[in-house]
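Here's the structure we're looking at; comments come further down.
The values are calculated or read from the model by the stated rules, or taken from the named source; none is laboratory data. It should be emphasised that the depicted structure is a prediction, and the values quoted were computed from it without experimental measurement. Glycine gets a Cβ as well: all are built from the backbone with ideal geometry, and neighbour counts include every protein chain shown.
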Amino acid sequence: MTDYLEFEKPLMELESKIERIRALSKDQPKAQEEIQKLQKRSHQIQREIYSRLTPIQTLQIARHANRPTTLDYLAFLIPDFLELHGDRAFADDPAIVGGIGRLDGSPVMVIGHQKGRTVKERVKRNFGMPHPEGYRKAQRLMQLAERMGRPIVTFIDTPGAYPGIGAEERGQSEAIASSLRLMARLATPILAIVIGEGGSGGALALGMGDRVLMLEHSVYSVISPEGCAAILWKNPEKAPDAADALKMTARDLFALKVIDEIVSEPLGCAHRDHAAMAATLKKTITQHLAKLAELQPDELVAARYEKFRKMGVYQE
């Protein structure tokens, strides 16, 4: 079942009608003609809706309950994925998954946030908000990838690092800072992809890549619009205004040169067609890793350093 957002209501009515006709008259030629006509109209409405999304609507798409997660993509991209657990210091954090496998026959290390889909799984995964041990697990796997000579692919999808007392006591800010320092120095290719919601330092801790990509309807920001509205206006209803000001969409961040590429989503967005989105991602990841493989380790580190140093620097 598709969960429709408020601005998708015209689409919901049309697709409900298609399903009713399909259920009542399966093999009748006239019914098939009507279904084809309605499907054509549905595709037109989808193009109209998703081509003019506001930033707050894009955020709703990025948070959609059916949007593919890291593990969803791994099922398509890396069938032999072997998950590795634990930070060897405190615990295993289910909010971050990571492990080894082969992408089109080439060995890779994959690390990503995991929100979960059902209520039970989301609670288990802490809604994709990692604890310090999650970031320390990621660091351990990154260091392993460097020793093994494997490129690293990260999938970013979190509202932010967990701000609870226990996480702070165990050094949340230090864990994030250590992740950034490590990624800046790793002598192996790093490809970071924002697949849903990229929030604050919790997202950036997996985001310091040689190439940073965003799915077309994902978001990436220093704070959520709700958090920004609460701080600036003390009013959650100002979240749409905050979303506009934060410049959090892929289009905005590409224009600001924060990211390197926007990965197109299938018609109707990634949550409507996981397989098509995974196929596009597979092609994109393979192309970028092939180009990064041409660089020497010292060239990778130097270019990565320059890439992030240039952000936010302007001349008037």
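So is residue 237 closer than 23 Å to residue 66 by Cα and charged (D, E, K, R) or not? When the stated conditions are applied, residue 237 does not pass them. Residue pairs whose Cβ atoms lie under 6 Å apart, separated by 6 or more positions or on different chains, with the first residue in the stretch 126-147 and in contact (Cβ under 8 Å) with a residue 40 or more places away in the chain and the second hydroxyl-bearing (Ser, Thr, Tyr) and assigned to a helix (DSSP H, G or I), are 135/179; 139/179.
Among the residues examined, residue 260 does not qualify as surrounded by 15 or more Cβ atoms within 10 Å (Cβ to Cβ) and more than 21 Å from the chain's Cα centre (by Cα). Among the residues of the stretch 201-209, is any crowded, with 24+ Cβ neighbours inside 10 Å, of a type outside the set (Gly, Ala, Ser) and in contact (Cβ under 8 Å) with a residue 60 or more places away in the chain? Yes; the residues of the stretch 201-209 include at least one that is crowded, with 24+ Cβ neighbours inside 10 Å, of a type outside the set (Gly, Ala, Ser) and in contact (Cβ under 8 Å) with a residue 60 or more places away in the chain.
Return yes when residue 76 is over 30 Å from residue 110 (Cα atoms), outside any loop (DSSP other than H, G, I, E, B), modelled with pLDDT of 85 or more and not polar (S, T, N, Q) and no when it is not. It is false that residue 76 is over 30 Å from residue 110 (Cα atoms), outside any loop (DSSP other than H, G, I, E, B), modelled with pLDDT of 85 or more and not polar (S, T, N, Q). When residue 90 is tested against (1) outside any helix (DSSP H, G or I); (2) touching an Asp or Glu at 6+ places or on another chain (Cβ under 7 Å); (3) touching a residue at least 40 places away in the same chain (Cβ under 8 Å); (4) over 21 Å from residue 128 (Cα atoms), just one condition goes unmet, and that condition is (4). The residue pairs whose first member lies in the stretch 265-289 and is hydroxyl-bearing (Ser, Thr, Tyr), whose second member is surrounded by 18 or more Cβ atoms within 10 Å (Cβ to Cβ), and whose beta carbons are closer than 7 Å, counting only pairs six or more residues apart or on different chains, are 280/263; 284/213; 284/263; 286/103.
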